[in-house]
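The values are calculated or read from the model by the stated rules, or taken from the named source; none is laboratory data. Because the structure is predicted, anything quoted here is derived from the model rather than measured. A quick note on method: Cβ atoms are made from the backbone with ideal geometry, for glycine too, and the neighbour counts reach across all protein chains shown.
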């Protein structure tokens, strides 16, 4: 189970995953040993599953990006996930709690192509409602 320190550590890593243990310890007002052990524990428990690099070219390649929140009817979520994983313009798919069962990250070259992807997703049996937001700019990476 995560506590407030774990949440602050994750927020700091999201801001700068390359921050040194010393810098993180200073920021969080704990020892380097505490930071190292917390990161190791978060990795072993599966909370942190990896670190990644976001390249400038990734954003240039598909400049039209957005999030589609999806409501699923019944027990078809696994099938819907399989179908959506087959769509190359769906870059990530997240399960959630609350009103929306899934959130899809979509990236395309043009708005027209983005609209086509939305149409393909809406045709999937079991999707009853969706809401889409275009990402206009990114203020913070990671």
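Looking at residue 10 and the list (1) over 17 Å from the mean Cα position of the chain (by Cα); (2) assigned to a helix (DSSP H, G or I); (3) modelled with pLDDT of 85 or more, which single condition is not satisfied?
Residue 10 satisfies every listed condition except (1).
Report, by residue number, each residue of the range 4-29 that is touching a residue at least 24 places away in the same chain (Cβ under 8 Å) and surrounded by fewer than 16 Cβ atoms within 10 Å (Cβ to Cβ). Write out each step before concluding.
Residues of the range 4-29 that are touching a residue at least 24 places away in the same chain (Cβ under 8 Å), as a first pass: 5-6, 9-10, 13-17.
Answer for the range 4-29, where residues must be touching a residue at least 24 places away in the same chain (Cβ under 8 Å) and surrounded by fewer than 16 Cβ atoms within 10 Å (Cβ to Cβ): 5, 14, 15, 16, 17.
Kindly provide the set of residues from the range 116-142 that are part of a helix (DSSP H, G or I) and within 20 Å of residue 82 (Cβ to Cβ), ordered by number. Steps first, answer last, please.
The initial filter retains those residues of the range 116-142 that are part of a helix (DSSP H, G or I), namely 116-122.
117, 118, 119, 120, 121, 122, listed by residue number.
Inspect all residues belonging to the range 130-141 and state whether any of them is over 20 Å from residue 63 (Cβ atoms) and in contact with a strand residue (DSSP E or B) (Cβ under 6 Å, 6 or more places away or on another chain). Let's see the steps before the verdict.
Residues of the range 130-141 over 20 Å from residue 63 (Cβ atoms): 130-131.
Add one more test, that the residue is in contact with a strand residue (DSSP E or B) (Cβ under 6 Å, 6 or more places away or on another chain), and what stays is 130-131.
Yes - at least one qualifying residue is present in the range 130-141.
Residue by residue through the range 83-115, note down the ones that are assigned to a helix (DSSP H, G or I) and either surrounded by 15 or more Cβ atoms within 10 Å (Cβ to Cβ) or at pLDDT 90 or above (or both).
Taking the range 83-115 first, the residues assigned to a helix (DSSP H, G or I) are 83-85, 111-115.
Within the range 83-115, 83, 84, 111, 112, 113, 114, 115 qualify.
Being under 18 Å from the mean Cα position of the chain (by Cα) and either more than 26 Å from residue 136 (Cα to Cα) or not in a loop (DSSP other than H, G, I, E, B) (or both), is that true of even one residue in the range 14-22? Write out each step before concluding.
First, the residues of the range 14-22 that are under 18 Å from the mean Cα position of the chain (by Cα): 14-17.
Narrowing further to those that are either more than 26 Å from residue 136 (Cα to Cα) or not in a loop (DSSP other than H, G, I, E, B) (or both): 14-15.
Checking the range 14-22: at least one residue is under 18 Å from the mean Cα position of the chain (by Cα) and either more than 26 Å from residue 136 (Cα to Cα) or not in a loop (DSSP other than H, G, I, E, B) (or both).
When the range 104-131 is examined, which residues are found to be under 29 Å from residue 13 (Cβ atoms) and touching a helix residue (DSSP H, G or I) at 6+ places or on another chain (Cβ under 7 Å)?
If the condition is that a residue be under 29 Å from residue 13 (Cβ atoms) and touching a helix residue (DSSP H, G or I) at 6+ places or on another chain (Cβ under 7 Å), then 104, 106 are the ones that fit.
For the structure I just gave you, tell me whether residue 39 is modelled with pLDDT of 90 or more and out of contact with any helix residue (DSSP H, G or I) (no Cβ under 9 Å at 6 or more places or on another chain).
Working: modelled with pLDDT of 90 or more: yes; out of contact with any helix residue (DSSP H, G or I) (no Cβ under 9 Å at 6 or more places or on another chain): no.
No.
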